[in-house]
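Quick note: the coordinates plus some simple rules give every number you see, no bench work behind them. Values in this document were obtained by computation on a predicted structure and should not be read as measured data. So basically every Cβ, Gly included, is an ideal-geometry build from the backbone, and we count neighbours across all protein chains shown.
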Amino acid sequence: MKCFSRYLPYIFRPPNTILSCSCHTEADIISTVEFNHTGELLATGDKGGRVVIFQREQESKNQPHRRGEYNVYSTFQSHEPEFDYLKSLEIEEKINKIRWLPQQNAAYFLLSTNDKTVKLWKVSERDKRPEGYNLKDEDGRLRDPSMITMLRVPVLRPMDLMVEATPRRVFANAHTYHINSISVNSDYETYMSADDLRINLWNFEITNQSFNIVDIKPANMEELTEVITAAEFHPHHCNTFVYSSSKGTIRLCDMRASALCDRHSKFFEEPEDPSNRSFFSEIISSISDVKFSHSGRYIMTRDYLTVKVWDLNMENRPIETYQVHDYLRSKLCSLYENDCIFDKFECVWNGSDSVIMTGSYNNFFRMFDRNTKRDVTLEASRENSKPRAILKPRKVCVGGKRRKDEISVDSLDFSKKILHTAWHPSENIIAVAATNNLYIFQDKVN
Amino acid sequence: FSRRRERAARGLGAGGAMEFRLEAHRIVSISLGKIYSARGQRGGLKLHKNLLVSLVLRSARRVYLGEPGGECALPPRPGPPPPPDCERLRRGCRPLASEAAARGRPECPAESPRKRSAAERDPAAGYPGKKPRRETEQPPPQEDMETGNVASLISIFGSGFSGLLGKERGAAEATEPGQVCCEQPVLRSLNPWSTAIVAF
């Protein structure tokens, strides 16, 4: 774990935020973070429906000690608030998830979704523009044809680099409930979108229809006992996907078995520990995120207090369980009262599947090394993050004498939560979203 | 955070059973408040959160009314671990680790211990989890979210809980005479609360 005790922090703020943390606007709260497949680009979505893409600078020979920093590459408004007049419902513009497509040409493609609509965006560069039209002048105004005495061929001339984002597809009207996940298939032709009760399969080229592949809506809504909380395609097998539920279970489905994958191929569930039972056992067992490992052999799930790693070949219990903030177990009643118990934390793998990371409160985030079984708590905060500073491990004191530098459970700030993090696909670079601030940390370079 | 409250939520501490029921009462009122305030939320009712709140509400209500199935929410009493309880499993409690190990035992009927829908098999619960109300003039092809008219949901609880008082008195009489004095403060504090619920 030695590489994780040293970090070079860079702080990026999305545009239009007020400098001081305490008076940011609600719209600036980051709601999703995702690296693309090469790690060259990092996309964030926020509650205001905006997407900001950062691009890593090419490493320069002049400043070899500064490995590529991430700078703003493109900003665009992905979703706007909408109103469903029939149901008298406002549809939030908050970006729930962003997923990149693998790059197949010079342009970049990503999917972004709010509660109801998925959009495919094309992000492309323009560094040349045509000049010398015959029928219009440089401002675009039409010229009087009778004034044209000679013909010329328009030429492309260099211009300042412009990055433009255009919506290429809009996949709408397919979800009655709120979309919580999108996942691009390894065939790169299809993707799925999941809401509380249904999962739909889309073809990128077709926007006016989708296949429903999972439907757990009961005939009588009074019998509803669980909802879908997250879904993801297998990284290599285009017929396989998993979805997690609010009851702490994971189902693996094979699309070759039938058109409607209501019957799972595998069912992952851990029996309950009776000594931990309380009124809130059901809430804290609800899975907030599920992620396949890069190898495709394991899945990781996040519930309120733990992260679990499951082997696809063993359904009756996880192979590893990591306590994220077990000191909260005795505070569940208060966390229910202030709604924190409903926070949906995400979890991520590093590129080699050897380390997993997830967020907590007080702007803390945790990393667990699966091989050495060591873990570390780090903090994303302005005070601790001067450029080229090293992140100091933090510790929460759970009772008894509090040592210097430790923080007691009662002093934790529950309004500062890290729900969204991302790990570069091949390097030790992490992106951590703390409310409206994005922190990017890198492994220290000697 | 109130440590005493938290311990009560886990059924521990002195006068554990009494504290536990008071805590259940408190959780019921918090849960109803959440369901009510969810009405005005931007983006519409969140099905997931409301389902979780309704599950907590159901557990707390069962404990408070002493209904079967309420013990699902309670940690087990100290002592030797109980044998696999088919009855408990049929009521929809999740399988325990010890039960999972003994899953092949012949005494338990063929019914899978992993049954999910407790509401189906526990008619005593009364509380459905979600009471859908179709909006009037909803055209058939348009699917309703069916998260329901929350006002009607609250009135259902109102009727359920105004009956609570009557049941409470009955329960109090059934206990030892010495205990009746303990129950009185609880009943008194119940009154303004149940009035507020009906007013919703």
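What is the projected area of the convex hull of the Cα atoms of region A:351-446, averaged over all directions, in nm²? Each step should come with its number before you reach the end.
Values: hull surface 28.9 nm².
If I average the Cα hull's projected area over directions, I get 7.2 nm².
Run through region A:171-254 and list the chymotrypsin sites (Phe, Trp or Tyr not before Pro) located in a DSSP loop whose Cβ has at most 16 other Cβ atoms within 10 Å.
Passing both the DSSP loop test and the Cβ count: A:TYR188.
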Inset, instruction - Assuming a ≥ b ≥ c are the square roots of the Cα gyration tensor eigenvalues, decide whether region A:399-446 counts as rounded (a/c under 1.5), prolate (otherwise, with a/b larger than b/c) or oblate. - result: oblate
Inset, instruction - Calculate the spin-label point distance for A:SER411 paired with B:TYR36, positioning each point 7 Å from the Cα along the beta-carbon direction, and give it in nanometres. - result: 3.8
Legend entry - Lys/Arg +1, Asp/Glu -1 at C-beta; chain A dipole; positive extreme among A:SER124, A:MET255, A:LEU201: A:SER124
Inset, instruction - For a label point 7 Å from the Cα of A:ILE206 along Cα→C-beta, name the residues of region A:236-258 whose backbone N is under 19 Å from it. - result: A:238-240, A:255-258
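If I take R0 = 35 Å and measure r between the Cβ atoms of A:VAL170 and A:ARG374 in this structure, what FRET efficiency does the formula 1/(1 + (r/R0)^6) give, to the nearest 0.05? Before the final figure, lay out each step's value.
Numbers: r = 46 Å, r/R0 = 1.32.
Once the sixth-power term is evaluated, E becomes 0.15.
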Inset, instruction - Would you look at the GNM of chain A, springs on alpha carbons closer than 10 Å, and say which of A:ARG251, A:ARG141, A:ARG297 moves the most? - result: A:ARG141
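Multiplying the sequence separation of A:GLU138 and A:MET150 by 0.36 nm and subtracting their Cα-Cα distance, what value in nm do you get?
Between A:GLU138 and A:MET150, full extension yields 2.7 nm more.
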Legend entry - Footprinting exposure proxy for A:LYS416, B:LYS34 (fewest neighbouring C-beta atoms within 10 Å first): A:LYS416, B:LYS34
Legend entry - Size-normalised alpha-carbon gyration radius of chain A, reference 2.2 N^0.38 Å: 1.07
Inset, instruction - May I ask you to derive the FRET efficiency for A:GLU80 and A:GLU131 from their Cβ-Cβ distance with R0 = 45 Å, giving the value to the nearest 0.05? - result: 0.85
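Give me the dipole magnitude in Debye, nearest 20, for region A:227-337 about the Cα centre, with unit charges on the beta carbon: positive for Lys and Arg, negative for Asp and Glu.
Details: 13 positive and 15 negative charges, 35 e Å.
Magnitude of the dipole: close to 160 debye.
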Legend entry - Neighbour-count ranking [beta-carbon atoms within 10 angstrom, fewest first] of A:ASP303, A:ASP139: A:ASP139, A:ASP303
Legend entry - Neighbouring partner chain Cβ atoms per residue of A:212-224, average, 10 Å criterion: 4
Inset, instruction - With the convex hull built on the Cα atoms of region A:81-194, state its orientation-averaged projected area in nm². - result: 11.4
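To make sure I understand, if each residue's beta carbon is the centre and we count other beta carbons within 10 Å, what order do A:ASP195, A:ASP160 fall in, fewest to most?
Working: A:ASP195 22, A:ASP160 7.
Listed from fewest to most nearby Cβ atoms, that is A:ASP160, A:ASP195.
Can you tell me how much longer the chain between A:ALA107 and A:ASN276 gets when fully stretched, taken as 0.36 nm per residue apart minus their C-alpha distance, in nm with one decimal? Mind showing how you got there, number by number?
Values: separation 169, 0.36 × 169 = 60.84 nm, distance 5.10 nm.
Length gained between A:ALA107 and A:ASN276: 55.7 nm.
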Legend entry - Longest DSSP-loop-exposure-free segment, GluC sites (Glu not before Pro), chain A, at most 10 other Cβ within 10 Å: A:206-382
Inset, instruction - Mind telling me which of A:ARG263, A:ARG56, A:ARG126 comes out most flexible in a GNM of chain A, alpha-carbon contacts under 10 Å? - result: A:ARG126
Legend entry - Simple spin-label estimate for A:GLN323 and A:ALA27 in nanometres, 7 Å along Cα-Cβ: 4.4
Inset, instruction - Specify the residue with the greatest mean-square fluctuation among A:ASP326, A:ASP254, A:ASP46, computed from a Gaussian network of chain A linking alpha-carbon atoms under 10 Å apart. - result: A:ASP326
Inset, instruction - About the Cα centre of chain A, how large is the charge dipole given +1 on each Lys and Arg Cβ and -1 on each Asp and Glu Cβ? Please answer in debye to the nearest 20. - result: 1600
Inset, instruction - Classify region A:70-147 as rounded, prolate or oblate, taking a ≥ b ≥ c as the square roots of the eigenvalues of its Cα gyration tensor: rounded when a/c is under 1.5, otherwise prolate if a/b is larger than b/c and oblate if not. - result: oblate
Inset, instruction - Obtain the nm distance between the two label points defined at A:ASP215 and A:ILE390 by a simple spin-label model: each point lies 7 Å from its Cα along the Cα-to-C-beta direction. - result: 5.9
Legend entry - Cα pair distances of region A:248-299 binned at 10 Å [whole percent]: 19, 39, 30, 11, 0
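Taking square-rooted eigenvalues a ≥ b ≥ c of the alpha carbon gyration tensor, is region A:159-232 rounded, prolate or oblate, where a/c under 1.5 means rounded and, failing that, a/b exceeding b/c means prolate?
Working: a/c = 2.62, a/b = 2.38, b/c = 1.10.
Verdict is prolate for region A:159-232.
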Legend entry - Convex hull of region A:246-380 built on C-alpha atoms - directionally averaged projected area, nm²: 9.4
